[in-house]
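The values are calculated or read from the model by the stated rules, or taken from the named source; none is laboratory data. Everything quoted here is computed from the prediction, not taken from an experiment. Backbone-built Cβ (ideal geometry, glycine too); neighbour counts: all protein chains shown. Remember, those area values only see protein heavy atoms, side chains included, never the ligands or the DNA or RNA. Shrake-Rupley method; radii C 1.70, N 1.55, O 1.52, S 1.80 Å.
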Amino acid sequence: MALTITSSSYAGEHAGLYISAALKQAKSLDFLTVRENVNYKEVVNKVAGANLVKDRSCDFNENSATLTLTESVLEVEPFQVNIDVCKKTLLSDWAYNQQDDFVAYAVSYLADSIADSVETSIWQGNTSTSGQFNGIPTGSMTSSSASAAYTAANIIANLQTLVADIPSNVYMADDLYIYMNKKTYRFYLSAISALSAFPFNHMGQYTPEFEGVKIAVCPGIADNRMYAGTRSNIFFGTSLSSDLTEIRVLDMADLDGSDNIRMVAKWTAGVQVGVASDFVLQS
């Protein structure tokens, strides 16, 4: 029996569910603050106060107290996937998996590509490259110098340098993370597994951390580069509930006689840091 697909179009909220699932396969989003209703631009406000608490008196003196408002703009860019896939390519896998919703199964083929694109763009993206948005701005971040290209032999020393360079107002925050890629994390595991006192046999219960700072393993980070900062200070924006987000799955048989399925996905994405000086970049 031939496979027949009713051409489907999902827009707005329903599309957001599919796109959200695809985006959230990007591992870095577990360690970022996600803003899901950014249609174009959103101002990220950071407020810092100084000398606000005073001894009680009858006077009003605002001159010695300061309240500083820092603004960063989170801007999302539109992206799309437009592909033709032969029914034969998907039919056997779909039947084997015994899934009722073929549209959902077809869309899942897009998820990995979308997630990989988002993961890379967060840390290394350049909007001049098609399919990428600008990665996190590093120009004003606190600088930390690595001794050399990371290896298992020097990763501990480089991590110590990175932690020492974390601003004191950020250090010990509940959502503070060291961000590194899989290659760097492998060096770290190799280094700590060489320590006889490390309970390597309990790795199943091990929470990745260094000197009390949690480690976030983010595949999109470039080699020989680590970051340290708080989750509440780095923002990923997208729009999951607007006309900018949609998924279409079209059976082309009735239109051109082919055995192709045309799949279209549209979404938006962008990333920004609130207070750059509170984020540390080691390279």
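Summary of values
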quantity	calculated
Pair list, Cβ < 8 Å and 6+ apart or interchain, from region 163-175 residues that are more than 16 Å from GLN282 (Cα to Cα) to residues that are in a loop (DSSP other than H, G, I, E, B)	MET172/GLY212
Region 121-148, residues that are of a type outside the set (Phe, Trp, Tyr) and outside any loop (DSSP other than H, G, I, E, B)	SER121, ILE122, GLN124, THR142, SER143, SER144
Test for THR207: is it more than 30 Å from THR268 (Cβ to Cβ), open to solvent by 40 Å² or more (accessible area, probe 1.4 Å) and not in a helix (DSSP H, G or I)	yes
Lone qualifier among ALA228, ALA265 - being closer than 29 Å to ALA149 by Cβ, small (Gly, Ala, Ser), touching a helix residue (DSSP H, G or I) at 6+ places or on another chain (Cβ under 6 Å) and assigned to a strand (DSSP E or B)	ALA228
Selection count where residues are surrounded by fewer than 17 Cβ atoms within 10 Å (Cβ to Cβ) and modelled with pLDDT of 75 or more, scope region 78-93	8
Residue match in region 235-242 (condition: surrounded by fewer than 23 Cβ atoms within 10 Å (Cβ to Cβ), in a strand (DSSP E or B) and modelled with pLDDT under 80)	no
Selection from region 94-113 of residues that are within 15 Å of ARG248 (Cα to Cα) and either acidic (Asp, Glu) or modelled with pLDDT of 75 or more (or both)	ASP101, LEU110, ALA111
Residue list for region 149-187, filter: assigned to a helix (DSSP H, G or I) and charged (D, E, K, R)	LYS182, LYS183, ARG186
Some residue of region 108-120 being within 23 Å of GLU246 (Cβ to Cβ), assigned to a loop (DSSP other than H, G, I, E, B), out of contact with any His (no Cβ under 7 Å at 6 or more places or on another chain) and touching a residue at least 24 places away in the same chain (Cβ under 8 Å)	no
